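Heads up, the thing below is written out as structure tokens.
The values are calculated or read from the model by the stated rules, or taken from the named source; none is laboratory data. A quick note: this is a predicted structure, and the numbers were derived from the prediction, not measured. For neighbour counting, all protein chains shown are included, and Cβ atoms are generated from backbone atoms with ideal geometry for every residue, glycine included. Just the protein is used for accessible areas: all its heavy atoms, side chains included, with ligands, DNA and RNA removed. Shrake-Rupley method; radii C 1.70, N 1.55, O 1.52, S 1.80 Å.
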Amino acid sequence: MGEKKAVGCARPTGAVVGEQPKKDSSGTPEEREVEEMGITVGGKAPDFEAPAYFKGEFTSVKLADYLGKWVLLCFYPGDFTFV
Amino acid sequence: MYPEFEKLNVQVLSVSVDSMFVHKVWDETELAKMVDGGIPFPMIADGAGNLGKVYGVYDSNAGVDIRGRFLIDPDGVIQAAEILTPPVGRNVQETIRQVKAFQLVRETGGAEACPSGWTPGSTTLKVGPDLVGNVWKVWKP
């Protein structure tokens, strides 16, 4: 599970899981515009680091930390909604 | 449902544009009343929709991540995806069926495939030259 450190905001690392982002001239990952990497079913998942709430704690999650496990990544529109 | 995912070695991660603070209060005030002990997996805060944009589920008009579900295998490969607009919920049983099917395919190194309508325990297809033109003998829809 993620470490107990704050991550400013959810951000893609700019690489797929298990790989380093390509170095480019457009600055640090924080400064770089979010690239519209897109996903391909059958291709590697885009990696990311994000803040998360887990069992009473604020933590951070990095997708690549779960390599070796199956991951079910579920997006939903909002807390306190109905469906 | 969650113990079933744990048994299958599946880590669930949920994502919405709500902050960690909102996740906490939703978990404590509402979800803990539906799920004993509250939500057992990390709830990710995607405030700016950055993850949603990369995964193709961010609705910039509504400012939310719509219902996208991605099954990622232990090598980091996306094996399945489902995206729904907000008013219709998912079917967790169908997700579990897909997890079991993809795990079976992986365990057999791709030697077996799960045909349309496959459920755990039913016939798989043994992939190979002998099967060509003979699917009708082993698989009755």
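Brief remarks on what is shown
- Only residues that are part of a strand (DSSP E or B), buried (at least 19 other Cβ atoms within 10 Å of the Cβ) and either among the small types (Gly, Ala, Ser) or touching a residue at least 40 places away in the same chain (Cβ under 8 Å) (or both) were counted across segment A:60-77, and they come to 2.
- Residue selection: residue B:1 satisfies the criterion of being within 24 Å of residue B:78 (Cα to Cα) and more than 7 Å from every other protein chain (Cβ to nearest Cβ).
- Top-ranked residue of segment A:47-59 - restricted to ones that are touching a residue at least 40 places away in the same chain (Cβ under 8 Å) and more than 7 Å from chain B (Cβ to nearest Cβ), ranked as least open to solvent (accessible area, probe 1.4 Å): A:49
- All of B:29, B:95 fail the test of being out of contact with any helix residue (DSSP H, G or I) (no Cβ under 7 Å at 6 or more places or on another chain), of a type in the set (Val, Ile, Thr), outside any loop (DSSP other than H, G, I, E, B) and more than 20 Å from residue A:45 (Cα to Cα), apart from B:29.
- Search result, residues across segment B:104-141 that are of a type in the set (Phe, Trp, Tyr) and part of a helix (DSSP H, G or I): B:136
- Pair list, Cβ < 9 Å and 6+ apart or interchain, from segment A:17-28 residues that are farther than 24 Å from residue B:74 by Cβ to residues that are in a loop (DSSP other than H, G, I, E, B) and at pLDDT below 55: A:24/A:32; A:26/A:32; A:26/A:33
- Per the conditions (1) of a type in the set (A, V, I, L, M); (2) more than 13 Å from the chain's Cα centre (by Cα); (3) not assigned by TED's automatic domain parsing to the domain that holds residue B:13, the sole criterion not satisfied by residue B:44 is (3).
- Taken together, B:21, B:5 contain a single residue that is open to solvent by 10 Å² or more (accessible area, probe 1.4 Å), assigned to a helix (DSSP H, G or I) and in contact (Cβ under 8 Å) with a residue 12 or more places away in the chain, which is B:5.
- Looking only at segment B:56-92, residues that are open to solvent by less than 40 Å² (accessible area, probe 1.4 Å), part of a strand (DSSP E or B) and in contact (Cβ under 8 Å) with a residue 24 or more places away in the chain come to 4 in all.
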